[in-house]
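**Student:** Here it is: the structure, laid out below.
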Amino acid sequence: MLKIHNASKSFGSTRVLDDVNINVAKSEILGLAGPSGSGKSTLLRCIQKLEHLDSGSVECNEKTGFMFQDFQLFPHMTVLANLLYAPNLGKKNTNCCKNNEKRAKAMLKNLGIASKIHEYPGSLSGGQKQRVALARSLMMNPGVLLCDEPTSGLDVATTMDVVSLLKSIGETGVTMVIASHDLDFLTKISDRIILLREGKIVADMKAKNHKNPVDYLKKYYA
Amino acid sequence: MISNCSYIGKGLAFTLELTFGGVAIGLILGCLLSVLRHCRICIALINGWVSVIRGTPLILQMSIIYFSFPSLMGVKLSMLSAGIISFGLNSSAYVAEILRSGIESLPKGQFEAAQTLGIPNFFLWKDIILPQVILNILPAMINEVIALLKDTTLISVIGGMDIMRRSQIIAAEQFEYFMPLCTAAAYYYCLVLLIEFVGRKIERRMGYAKNS
Ligand SMILES: Nc1ncnc2c1ncn2[C@@H]1O[C@H](COP(=O)(O)OP(=O)(O)OP(=O)(O)O)[C@@H](O)[C@H]1O
Ligand SMILES: [Mg+2]
């Protein structure tokens, strides 16, 4: 499904990814943990081809979607326009556009932000922007969803919402790779967690096999 | 008094022609420059142009165009076209700089977000980048128009009959400086207020997304 093979990447003289090998199975939810600067974001960006590997390869036979830590919504477009712009681009067929619009509206309703549909991103809260960003990437029907720090800046309740949201998306068969600092969040959401440190994989575990997975992972941060 | 006012006011059209002619050329050329800046061969040339234009006095540029072009190229330019060309060329360098900083101030993530959504380059620029850039640079552009309006007074140096020059003529004829010059100042000030008013209108109409 998603195969990362001997991936290495340096910025200047710092080796940010050092011979990383990961296989992600279809529908798997993979968590990426690791201290700040360990290369989580870089790995996600390499999978998305926003960054080029120095050596090694990323093989992915499905379309990827990417959620940025700072969302990167288009500020001059309404929420609905943010969702529809890319999927409707170059579509002459009005039926297809209508369907997209229906889908977008249903998705926003599902995410509990139907009332914000005609607002601009500038007037949304962090959690609301998050949902719009999620909906925008889902509109492209990605087989793999890459999320960078989806819970940073969110309060506990909103984080729980994000957990159930991502879980329900995972249940539709979407494969996910999620980078986060929040070990608690990662253990709740992931089937499997990989811990990076200085660009190397130092742990690869399944949360359900551990009695106290957060403590287990914390040891690697020391 | 009233006849003085109307004599000075006859320069209004000339001043406005210079301003808007200059702004039009400045905008078109400035946009062209900032697009061409993305092409490798042109970068040095354009940077050089911008640097020279910004590094020399406008009055000198205007004098070169008006006084030396006839002997250099055998074309005699009218006062108006010489003025519009110099103000336009001068403004183009500043417009190009405003555009450059407007584009650079957009977060890199906007380009990347468009890339992850598979938006092709042409549409990326047309629908995602430029609308945001225009909104960002609007205040700087309005400043540029105001600066250009005030710079058109330099045309009086080569003899152009604009508001400024006409007020000086009256002053010299009547040996009375205060009123004619204040009249000219009032004309310019009203024009600036008008530009600011229109600018604010446009800004408000586009200003939906101030804080992303
Ligand atoms: N464009 C870049 N140019 C130079 N260095 C970079 C660039 N992007 C990342 N780095 C460096 O690569 C290293 C890894 O960065 P990365 O963003 O992948 O870490 P991270 O694990 O996501 O950290 P965090 O948890 O703080 O988000 C850091 O040392 C960073 O300084
Ligand atoms: Mg990161």
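The values are calculated or read from the model by the stated rules, or taken from the named source; none is laboratory data. Bear in mind that the values here come from a model prediction, so they are computed numbers and not experimental data. Ideal geometry is used to build each Cβ from the backbone, glycine not excepted, and the neighbour counts take in all protein chains shown. With ligands, DNA and RNA removed, areas are computed over all heavy atoms of the protein, side chains included. Shrake-Rupley method; radii C 1.70, N 1.55, O 1.52, S 1.80 Å.
**Student:** Can you pull out every residue in the stretch B:140-181 that is open to solvent by less than 60 Å² (accessible area, probe 1.4 Å), farther than 13 Å from B:Leu16 by Cα and among the charged types (D, E, K, R)?
**Tutor:** The answer is B:Glu144, B:Arg166.
**Student:** Quick check, is A:Lys49 within 14 Å of chain B (Cβ to nearest Cβ), within 16 Å of ligand 1 (Cβ to nearest atom), out of contact with any Phe, Trp or Tyr (no Cβ under 8 Å at 6 or more places or on another chain) and part of a loop (DSSP other than H, G, I, E, B)? Walk me through it before giving the result.
**Tutor:** On the way: within 14 Å of chain B (Cβ to nearest Cβ): yes; within 16 Å of ligand 1 (Cβ to nearest atom): yes; out of contact with any Phe, Trp or Tyr (no Cβ under 8 Å at 6 or more places or on another chain): yes; part of a loop (DSSP other than H, G, I, E, B): yes.
For A:Lys49, the condition - within 14 Å of chain B (Cβ to nearest Cβ), within 16 Å of ligand 1 (Cβ to nearest atom), out of contact with any Phe, Trp or Tyr (no Cβ under 8 Å at 6 or more places or on another chain) and part of a loop (DSSP other than H, G, I, E, B) - is met.
**Student:** Cβ-Cβ distance below 7 Å, separation of 6 or more or different chains: which pairs start in the stretch A:30-51 with a residue that is at positive phi and of a type in the set (Val, Ile, Thr) and end on one that is more than 8 Å from ligand 2 (Cβ to nearest atom) and at pLDDT below 95?
**Tutor:** none
**Student:** Please report, ordered by residue number, the strands (runs of 3 or more DSSP E) entirely within the stretch A:109-201 with at least 3 residues that are open to solvent by less than 10 Å² (accessible area, probe 1.4 Å), within 16 Å of ligand 1 (Cβ to nearest atom) and not assigned by TED's automatic domain parsing to the domain that holds A:Asn88.
**Tutor:** Working: elements: A:144-148, A:175-179, A:192-197.
The qualifying strands (runs of 3 or more DSSP E) are A:175-179, A:192-197.
**Student:** Is it the case that some residue within the stretch B:57-76 is touching a residue at least 40 places away in the same chain (Cβ under 8 Å) and within 13 Å of the chain's Cα centre (by Cα)? Outline the logic, then answer.
**Tutor:** Kept after step one, since they are touching a residue at least 40 places away in the same chain (Cβ under 8 Å), are these residues of the stretch B:57-76: B:58-59, B:62-63, B:66-67.
Pick out the ones that are also within 13 Å of the chain's Cα centre (by Cα) and you get B:58.
Yes; the residues of the stretch B:57-76 include at least one that is touching a residue at least 40 places away in the same chain (Cβ under 8 Å) and within 13 Å of the chain's Cα centre (by Cα).
**Student:** Go through the stretch B:58-175 and tell me which helices (runs of 4 or more DSSP H), entirely inside it, have 2 or more residues that are away from every other protein chain (no Cβ under 14 Å). Step through it out loud before you land on a result.
**Tutor:** Numbers: elements: B:58-63, B:69-73, B:79-104, B:108-116, B:130-151, B:163-174.
Filter on the stretch B:58-175 gives B:58-63, B:69-73, B:79-104, B:130-151, B:163-174.
**Student:** In addition: Every residue in the stretch A:11-46 that is away from ligand 2 (no atom under 16 Å from the Cβ) and either within 14 Å of chain B (Cβ to nearest Cβ) or touching a Leu at 6+ places or on another chain (Cβ under 8 Å) (or both), please.
**Tutor:** Here is the first cut: in the stretch A:11-46, the ones away from ligand 2 (no atom under 16 Å from the Cβ) are A:12-13, A:15, A:18-19, A:21-29.
Answer for the stretch A:11-46, where residues must be away from ligand 2 (no atom under 16 Å from the Cβ) and either within 14 Å of chain B (Cβ to nearest Cβ) or touching a Leu at 6+ places or on another chain (Cβ under 8 Å) (or both): A:Ile22, A:Asn23, A:Val24, A:Ile29.
**Student:** Any idea which of (1) within 16 Å of ligand 1 (Cβ to nearest atom); (2) away from chain B (no Cβ under 14 Å); (3) touching a strand residue (DSSP E or B) at 6+ places or on another chain (Cβ under 7 Å) is the one A:Phe68 doesn't satisfy?
**Tutor:** (2)
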